[in-house]
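Let me begin by presenting the structure, written as structure tokens, before commenting on it.
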Amino acid sequence: MIKEINTRRSIRKYMDKPVDDEKIQQLLESARLAPSGSNTQPWHFIVVKSDSGRQKLSEASHNQSWMLSAPVFIVCVADIRCRIDEKVDVFLDENSPQGELKQIIRDTSISIEHILLEADSLGLGTCWVAWFTQEEIRPILNIPDDKYVVGIITVGYANEAPNPRPRKKLEDIIHYENW
Ligand SMILES: Cc1cc2nc3c(=O)[nH]c(=O)nc-3n(C[C@H](O)[C@H](O)[C@H](O)COP(=O)(O)O)c2cc1C
């Protein structure tokens, strides 16, 4: 895995080349297998390929027009219903106080990282986009108010080869035995 961990980059320029459904299925399968707290598996995924869907999602993501060069978006959604009963009214947004929201975002993020690494191993580029609000994204895809969009993953064949982005040094982040 260290190969994919090393070579993955956020890709913001894609070739005009479709991605086989088989490969998309493989990305989704890798997400499905992710670990989650109490095995709750709070994640759902919406595959968007249509021009109109991608256009609206890109506009709602602060007009990040580079997104449109990617032929496929995977919208990754966390569902709080694995932790809060349907009978209880829940409206989720960036300011929601529910502790369960942290848990479902945590778990869905793990599944998203699986997608990014699996994509790299399949020769595909991705970028995790999260510069949007729930209010802007949810209506575009008819996502109910008790779900939380954790990221839109752009997927396609990379048309750029960015250098590695800087990372902190190990000695600046590792502690032994105590903080
Ligand atoms: C939660 C999350 C949200 C992100 N949102 C955006 C975004 O909205 N637009 C964008 O261009 N990149 C976005 N990125 C990509 C980061 O900028 C990128 O991962 C970081 O700069 C490190 O670069 P690398 O992924 O190539 O290693 C996001 C990444 C993460 C993990």
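The values are calculated or read from the model by the stated rules, or taken from the named source; none is laboratory data. None of the values given here were measured: they were computed from a predicted structure. Note that we place each Cβ from the backbone using ideal geometry, even for glycine, and neighbour counts take in every protein chain shown. In case anyone asks, the SASA skips ligands and DNA or RNA and just uses the protein heavy atoms, side chains included. Shrake-Rupley method; radii C 1.70, N 1.55, O 1.52, S 1.80 Å.
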### Query
For the stretch 95-179, what's the relative contact order in percent, using C-alpha pairs closer than 8 Å and at least 6 residues apart?
29 percent
### Per residue solvent-accessible surface (Å²) - the chain, probe of 1.4 Å
59 Å²
### Query
So for TYR157, TYR176, what's the accessible-area order with a 1.4 Å probe, most first?
TYR176, TYR157
## Note on the structure
Reported to the nearest 10 Å², GLU22 has, with a 1.4 Å probe, an accessible area equal to 150 Å²
### Query
With respect to the cross-link table entries LYS13/LYS168; LYS49/LYS168; LYS3/LYS169; LYS23/LYS87; LYS23/LYS168; LYS3/LYS56, which display a Cα-Cα separation exceeding 28 Å?
LYS49/LYS168; LYS23/LYS87; LYS23/LYS168; LYS3/LYS56
#### Entry: Environment charge at LYS87 (Cβ cut-off 13 Å; Lys +1, Arg +1, Asp -1, Glu -1)
-3
## Note on the structure
Descending accessible area (1.4 Å probe), largest on the left, turns THR154, THR7 into THR7, THR154
### Task
Determine how many Å³ per residue the convex hull of the Cα atoms of the chain encloses.
149 Å³
### Task
Pairs of Cα atoms under 8 Å, at least six residues apart: use those to get the relative contact order of the chain, whole percent.
35 percent
### Message
Once neighbouring chains are kept in place and the probe is 1.4 Å, which whole percent of the accessible area of the chain is contributed by carbon and sulfur?
### Response
51 percent
### Task
Two decimals is fine: what is log10 I(q)/I(0) at q = 0.12 Å⁻¹ for the stretch 1-106, from a Debye sum with one equal scatterer on every Cα and no solvent?
-0.57
### Query
When only Cα pairs under 8 Å and 6 or more residues apart are kept, what is the percent relative contact order across the stretch 1-95?
34 percent
### Ranked order, LYS13, LYS49 - accessible area, probe 1.4 Å, largest first
LYS13, LYS49
